[in-house]
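Beneath this line is the structure, given in structure tokens, with notes to follow.
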Amino acid sequence: MLKTFSKGGIHPPENKLTSAKDIKRLPAPKVVYVPIAQHIGIPAEIIVDRKDKVEIGQVIAKSGGFVSSNIHSPVAGTVTKLDMIIDSSGYKKQCIVIRTDAKNETNFQEIDYPLKKEIDLEPAEIVKRISDFGIVGLGGATFPSHVKLNVKEDKKMDCLIINGVECEPYLTADHRLMLEKGEEIVVGIKILMKALHVNKAIIGIEDNKHDAVELFKRLTANEKQIQVAALQVKYPQGGEKQLISAILDREVPKNGLPMDVGVVVNNVGTVFAIYEAIQHNKPLIERVVTVTGKKLKNPSNFWVKIGTPIKDLIEEVGGMPEGTRKIINGGPMMGKAIKNTDVPVTKGTSGILIVDEDEACRGEVKNCIRCGECVNVCPMGLEPHLLMNLSEKGMYEKAAQEDIMTCIECGSCSYVCPSNRPLLDYIRFGKNITKQLASSKN
Amino acid sequence: MDSPQIVISASPHLHSDRTSKKIMYDVVIALVPAFLVSLYVFGFNALITTSIAIVSCLLFEFLIQKYLMKSEVTITDGSALLTGILLAFNVPAGLPIWMIIVGSLAAIGIAKLSFGGLGFNVFNPALVGRVFLLVCFPVQMTLWPLAVVNNTSIADAVSGATTLGIIKEGLQFGQTMGELSSQIPSNMNMLLGITGGSLGEMSAIALLLGGLYLMIRKVISWHIPITILLTMAVMTGVFWTIDPEHYANPIIHLLSGGAILGAFYMATDMVTSPMTKKGMVIFAIGIGLITVIIRFYGAYPEGISFAILIMNAFVPLINSYFKPRRFGSKIKAKIM
Amino acid sequence: MNESILNSVLLLVSLGAVTALVLYIVSKKFYVYEDPLIAVVDDILPGANCAGCGSPGCKSFAEKLVGTEDISDLFCPVGGNEVMKLVAETLGKEVSEKDPTVAVVRCQGSCEVRPKTTEYQGPKSCAISAMIYSGETDCQYGCLGDGDCVTACKFDAMFMDETTGLPVVITDKCTSCGMCVEACPRDIIEMRPKNKRDLKVFVGCLNEEKGGIAKKACSVACIGCSKCEDVCPKDAITMVNNLAYIDPEYCTLCRKCVPVCPTHSIIETNFPPRKEKKVVKEKKVVAEPSGEVKSVNLTKDA
């Protein structure tokens, strides 16, 4: 019996259409739109102006605080304007528009770095570089990585967990990256272990990616400190807390962080970005994006420059299919539906999912039949039906008592509800209000 | 933009294919074997009783929703159909038609729609219908037609008695279990359903078959039915070991009356049972205990319908006291 | 027979006596003193429990009124000046008089002028849809049309207009309690002075985009052209972030700004129809809007 997390969970159809497709590198787009709020925390501050010439990898927006991140120019070119563009949040946000210089060769060079195994930097330098090079969690949450690595003195760390779970249906970005850049990722893991002063690392991979499990077992055969854990396929195993529970059987305390149980979790994409930053001085300016959907002609995985409009990617896979009703930035369980295809790829875009009529529309909402399935599947042990009722009726204090804030918004409850009730919509709303109430009290 | 507009909704963007309708129809399918047995045992009467109950339940739901509540009519969601079937299963075959209709009105009108419809009812509608009839028309409701195996014609209602009725009456008149054993049907007959009783409650084997189907389809979990039966077995077992002359053995108790029908189909009704597994177990233990107490000391020979209704009233309380274990509440945080 | 009558009489009498005693003791023991004035004030207050005053209900507002020395900044919007005057008389305190206000909806983005570009699916609540994106239209400042304000209104003073998809305030019923203002995630509803005969002039738009983008999303959007600012004789109009705002304190309801607005985004209500003059003026505006603007600009420049 394979390991998995302690509570709840669902198993939606996997639909990994692109798991056998190599990651293709796209040519630099003509124009990139780089939002300044690509990470959780304070947006970066723009330090370029209109008509400035920028080089590839140049810092164009500076970190606005501790929980923030630098943003680098993904292309060499000219800043044409500082504009407001709808991003995946659904609102217009400040972003830097850069026209790519078609003559500048660096834009089109295919850089394939040789594998470099020796780690020259000291732990403090590693963290500094990760912070400078704008690396954030690439699993979707986009939490600035240097914050995670800044372990407080009183916390004792003993294990680094690498998240190669990719439990979201459809997405294969991490899977492909693991297969193609396995050795680099192993070096990246060692870098992180050095930075964190831990001597144990475990790579968690769901068993539907058997080839990746085998590959990493082979690669780490001589590394005693690095283990591979094959996990049962269950959503939301990619959630930090669920992954720790699955691999180490430790539960992160309520309102706590993985640090509290001596663990730091990083996504494989992040690990690879860290490898490139430390060993090859490359800031985070591109990432792997899965462009997928059942009706697409040629769903694929791409290396995409940050700031590329999504429509360029859709062109690349054969254009928008007839009858498209929904475009999702991210996976189908936690991704955000976006308003149009001008939305740029950001550091957190792990996939673009194109959905047609059948899957896009929600069913008719009916009465709750109190079947308790939402309670069964909730990985956090909450009662979604109750939380929904409480936030619908405005009883936010009661909802807070019922631990509404611990909800990880995985959407399992809404997924299973036989009456199509918008459980997560209301819970998210309740969380929002509770957060506001808490901050207004302080 | 092109004419079918882009849809925006919050995550998740996927939905499982489980719907409340499918759940209801799964329960209906699970009840088919038991119905076939009663058709075999009671003949045409079973068919008439069941169809009258179904039709009147659907009709009352339609009329009340359309003309009284002026709300959306939801007769296609399968819940009224299920209530009708379960009501029919809980009354004697051959009950006067007008009584069935009154029972349906009590089930749908009083127990279900006056609380706000599907999902809001506190008590199991079919059981409210049955208990309503039992209290109003005790004679007719305990006039059990004899098994008329292979007789497809409408049999005259001939008064028989249920296993539990025989035991109760006998013990009251000072007879011992030993003396009564010749009057009650054999275990095998009770398992198969060749016995007196309500329309759908006699055949333990058919009901168990349906219950198994529900568990495989994950409509119900094992917690409620198994706990009820276990509680009943343990409690009757204790009494029986102490005084076998005045208490029937656990096998008779489990196979007779509505124990299995109640445990698998009535108590597991999602709306009126607790949400968490812990709560379900508490709920089921309560039902088991109350059933046995009524069987031993109550005025009625059978008590599972009352037991379920009583425990239904405790469900909100159980729900608020027995919460699922929150993730992260594990105290140990071992760091090596 | 007699005995049974006697028994039951005795039983009932003793039961009654015991319970009366218990009730008496309890009522003495747990007696809580409450200022009788609170009840009097509570009676004067409208009893709507709307929370428009800031207190959770009329009773607690009455306690606040009785308890605080200076009640001049406390005000019951529902009862208005009359009720406050009565309260002041009862308590012997001073109250300040306030102009009655009424809620106005500052968005005219009906389905016709502001085309929908996406379809929202989910709970019908502005607060929830505002959380996930900017709304079904391309305007991220305007009304979302899910009617949170209507739900919040406890006085039946609002309804959703089916044809425009926008909320409408029934000014006669509006008590200016402010619940709708709080409910609206976009701050579209504003409390403005009711003035005489409910005359109001206000900008019916909140779009802060540049003119072109705003106009593309909604044809009656304020495009930030400043024409109204220039024409206003009392400097009541200010332009912030490409958006005009009419300050009710300075506005004299002269209505000069209304016809100059090229997108008709300034709303006037309950004015008598402009007689001969109005027709001419409107024609003029429609026929040659640029001409008039020029003249205005010229005079200002000069």
When segment B:291-306 is examined, which residues are found to be open to solvent by 30 Å² or more (accessible area, probe 1.4 Å), within 20 Å of residue B:124 (Cα to Cα) and modelled with pLDDT under 90? B:300
So, first residue touching a residue at least 12 places away in the same chain (Cβ under 8 Å) and away from every other protein chain (no Cβ under 11 Å) in segment A:77-95, second residue crowded, with 17+ Cβ neighbours inside 10 Å and among the hydroxyl-bearing types (Ser, Thr, Tyr), Cβ within less than 8 Å, six or more apart or across chains; the pairs are A:77/A:100; A:85/A:33; A:95/A:33
Across segment B:85-118, what is the number of residues that are on the phi > 0 side of the Ramachandran plot and either open to solvent by 10 Å² or more (accessible area, probe 1.4 Å) or modelled with pLDDT of 95 or more (or both)? 2
Cβ pairs under 9 Å, 6+ apart, first in segment A:407-425 and assigned to a helix (DSSP H, G or I), second acidic (Asp, Glu) and surrounded by fewer than 23 Cβ atoms within 10 Å (Cβ to Cβ): A:424/A:409
Could you check, for segment C:148-164, whether at least one of its residues is within 14 Å of chain A (Cβ to nearest Cβ), within 14 Å of residue C:186 (Cα to Cα), in contact (Cβ under 8 Å) with a residue 60 or more places away in the chain and buried (at least 19 other Cβ atoms within 10 Å of the Cβ)? no
Picked from segment C:112-139 (must be open to solvent by less than 20 Å² (accessible area, probe 1.4 Å) and part of a loop (DSSP other than H, G, I, E, B)), the residue farthest from the other protein chains (Cβ to nearest Cβ) is C:114
Lone unmet requirement of (1) open to solvent by less than 40 Å² (accessible area, probe 1.4 Å); (2) within 24 Å of the chain's Cα centre (by Cα) for residue A:388: (2)
Show me the strands (runs of 3 or more DSSP E) found entirely inside segment C:226-269 where at least 3 residues are of a type in the set (A, V, I, L, M, F, W, C), touching a Ser or Thr at 6+ places or on another chain (Cβ under 6 Å) and in the same structural domain as residue C:215 (by TED's automatic domain parsing). none
Kindly establish whether residue C:189 is within 11 Å of the chain's Cα centre (by Cα) and closer than 30 Å to residue B:6 by Cα. yes
Checking residue C:33 against (1) closer than 24 Å to residue C:155 by Cβ; (2) more than 19 Å from the chain's Cα centre (by Cα), only one condition comes out false. Which one? (1)
Could you tell me how many of the residues in segment A:230-246 are over 19 Å from the mean Cα position of the chain (by Cα) and open to solvent by 10 Å² or more (accessible area, probe 1.4 Å)? 2
Confirm whether residue C:178 is assigned by TED's automatic domain parsing to the domain that holds residue C:142, modelled with pLDDT under 90 and open to solvent by 10 Å² or more (accessible area, probe 1.4 Å). yes
Identify the single condition in (1) closer than 26 Å to residue A:329 by Cα; (2) crowded, with 22+ Cβ neighbours inside 10 Å that residue A:252 does not satisfy, given that it satisfies every other one. (1)
Tell me the residue from B:35, B:42 that is in contact with a Pro (Cβ under 8 Å, 6 or more places away or on another chain), within 20 Å of residue B:201 (Cβ to Cβ) and in contact (Cβ under 8 Å) with a residue 12 or more places away in the chain, please. B:42
Checking B:235, B:311 in turn, the sole residue that is buried (at least 23 other Cβ atoms within 10 Å of the Cβ), farther than 30 Å from residue A:199 by Cα and either within 14 Å of chain A (Cβ to nearest Cβ) or of a type in the set (A, V, I, L, M, F, W, C) (or both) turns out to be B:311
Mind telling me which of the residues A:321, A:332 ends up being open to solvent by less than 20 Å² (accessible area, probe 1.4 Å), at pLDDT 85 or above and touching a strand residue (DSSP E or B) at 6+ places or on another chain (Cβ under 9 Å)? A:332
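Rundown of residues vs (1) away from chain A (no Cβ under 14 Å); (2) open to solvent by less than 10 Å² (accessible area, probe 1.4 Å), yes/no style:
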| residue | (1), (2) |
| --- | --- |
| B:30 | yes, yes |
| B:44 | yes, no |
| B:48 | yes, no |
| B:55 | yes, no |
| B:60 | yes, no |
| B:77 | no, no |
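The values are calculated or read from the model by the stated rules, or taken from the named source; none is laboratory data. All of these numbers come straight from a predicted model, not from anything done at the bench. Neighbour counts run over all protein chains shown; Cβ positions are idealised from the backbone, glycine included. For accessibility, only protein heavy atoms count, side chains too; no ligands or nucleic acids. Shrake-Rupley method; radii C 1.70, N 1.55, O 1.52, S 1.80 Å.
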